[in-house]
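Visitor: Can you keep this structure in mind? I'll have questions shortly.
The values are calculated or read from the model by the stated rules, or taken from the named source; none is laboratory data. Given the structure is predicted, the values throughout are model-derived calculations rather than measurements. Cβ coordinates were reconstructed from backbone atoms using ideal geometry, including for glycine residues, and neighbour counts include every protein chain displayed.
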Amino acid sequence: MTYPTAPWNLKGYAILTLQLVDIEQASKFIPSELEIIPLLPGKTLGGIYISSYESGSLLEYNELIVVPGFVKYQEKIGAWISHIYVDNLDSVAGGREIWGLPKEMAEFSWNQDSVRVSQNNLELCNLNYKKGLFNFSTWWKQELSGGSFGGLDCELLYFENIFKTQAALLKGNLEIPQQSPFASLKLDKPVFTVNLQKLELIAGVPQVVGAKSPQLTYNR
């Protein structure tokens, strides 16, 4: 299977949700080698990111990313990605072999104001969104950057992502069925839902920053 080398340049749109997650619960999905960053006592920042990368992208595909929390390793800070789903086999292979991300195949169904993600007839999540009463939006592209960690085997990888996008706050309703693999994170009550339009994303070249257990350590 062939896939492009990093960095990947991707264009499209995305919906991002953000909310507080119990650190005790998040720790079950984060390697013990990483230090979970508290935003409030006992809480870290997590959420989901659902995107559609369209024409003009290095690869065209849909993606669901689940972040149980933000973490620190040495001087690096970023999101730990516990679950990630796409609908392109080249993206699966590249995500696993380049960035050490646990990509799996899934099905995506976008409608005018909703998106549903499922895997083998199992619903992973369903997000409905619309403009809220107090809607904030930017009409110019903002540039943001953020780090992420990956590591399917013993190597711990870190990479930078650069976003250029127009952002708008939405009113979101996120449903995560109990049978979903990440249901126990309780990400179904987002504090913020953000619409990322005219998105340009550069997924950067990863670097090895350390070592980790090949399996998650559940007892901290």
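Visitor: Which condition from (1) of a type outside the set (Ser, Thr, Tyr); (2) in contact with a strand residue (DSSP E or B) (Cβ under 7 Å, 6 or more places away or on another chain); (3) touching a residue at least 12 places away in the same chain (Cβ under 8 Å); (4) surrounded by fewer than 18 Cβ atoms within 10 Å (Cβ to Cβ) is the one that Arg116 breaks?
Guide: Only one criterion is unmet by Arg116, namely (3).
Visitor: Further question: Residue under question is Glu123, and the condition is that it be in contact (Cβ under 8 Å) with a residue 24 or more places away in the chain, in a strand (DSSP E or B) and of a type in the set (D, E, K, R); does it hold? Before you say what the answer is, go through the steps one by one.
Guide: Working: in contact (Cβ under 8 Å) with a residue 24 or more places away in the chain: yes; in a strand (DSSP E or B): yes; of a type in the set (D, E, K, R): yes.
Yes.
Visitor: Which residues, taken from the range 12-23, are of a type outside the set (A, V, I, L, M) and over 16 Å from the mean Cα position of the chain (by Cα)?
Guide: Matches in the range 12-23: Asp22 only.
Visitor: Going by what's in this entry, would Tyr49 be described as surrounded by fewer than 21 Cβ atoms within 10 Å (Cβ to Cβ), within 23 Å of Leu170 (Cα to Cα) and within 13 Å of the chain's Cα centre (by Cα)? Walk me through how you get there before you give the answer.
Guide: On the way: surrounded by fewer than 21 Cβ atoms within 10 Å (Cβ to Cβ): yes; within 23 Å of Leu170 (Cα to Cα): yes; within 13 Å of the chain's Cα centre (by Cα): yes.
Yes; evaluated as a whole, the condition is true for this residue.
Visitor: Just wondering, is there one or more residues in the range 170-189 that are surrounded by fewer than 16 Cβ atoms within 10 Å (Cβ to Cβ), within 22 Å of Leu10 (Cα to Cα) and in contact (Cβ under 8 Å) with a residue 60 or more places away in the chain?
Guide: no
Visitor: A follow-up question, please. Identify the single condition in (1) among the β-branched types (Val, Ile, Thr); (2) in contact with a Ser or Thr (Cβ under 7 Å, 6 or more places away or on another chain); (3) surrounded by fewer than 20 Cβ atoms within 10 Å (Cβ to Cβ) that Thr193 does not satisfy, given that it satisfies every other one.
Guide: Only one criterion in (1) among the β-branched types (Val, Ile, Thr); (2) in contact with a Ser or Thr (Cβ under 7 Å, 6 or more places away or on another chain); (3) surrounded by fewer than 20 Cβ atoms within 10 Å (Cβ to Cβ) is unmet by Thr193, namely (3).
Visitor: Count, please, the residues in the range 154-203 that happen to be under 21 Å from Leu124 (Cβ atoms), polar (S, T, N, Q) and more than 17 Å from the chain's Cα centre (by Cα).
Guide: The qualifying residues number 3.
Visitor: Oh, and also: Could you identify the single residue in Ile30, Ile37 that is in contact (Cβ under 8 Å) with a residue 60 or more places away in the chain and among the β-branched types (Val, Ile, Thr)?
Guide: Numbers: Ile37 fails: in contact (Cβ under 8 Å) with a residue 60 or more places away in the chain.
None of the other options fit; the residue is Ile30.
Visitor: I'm told Gln19 meets every condition in (1) of a type in the set (S, T, N, Q); (2) surrounded by fewer than 19 Cβ atoms within 10 Å (Cβ to Cβ); (3) farther than 17 Å from Phe149 by Cα; (4) touching a residue at least 60 places away in the same chain (Cβ under 8 Å) except one. Can you identify the failing condition by its number?
Guide: Looking at each condition in turn, Gln19 falls short on (2).
Visitor: Separate question: Taking Pro31 as the residue in question, decide whether it is under 15 Å from the mean Cα position of the chain (by Cα), modelled with pLDDT of 95 or more and of a type outside the set (Val, Ile, Thr). It would help to see each step written out before you state the result.
Guide: Numbers: under 15 Å from the mean Cα position of the chain (by Cα): no; modelled with pLDDT of 95 or more: yes; of a type outside the set (Val, Ile, Thr): yes.
Judged against the criteria, Pro31 is not a match.
Visitor: Another question, then. Which condition number does Leu157 fail, the rest of (1) closer than 26 Å to Ile77 by Cβ; (2) in a loop (DSSP other than H, G, I, E, B); (3) at pLDDT 95 or above being met?
Guide: Condition not satisfied by Leu157: (2).
Visitor: I need the full set of residues from the range 23-42 which are part of a strand (DSSP E or B) and buried (at least 17 other Cβ atoms within 10 Å of the Cβ), in order please.
Guide: Once the filter is applied, which keeps residues that are part of a strand (DSSP E or B) and buried (at least 17 other Cβ atoms within 10 Å of the Cβ), the range 23-42 yields only Ile36.
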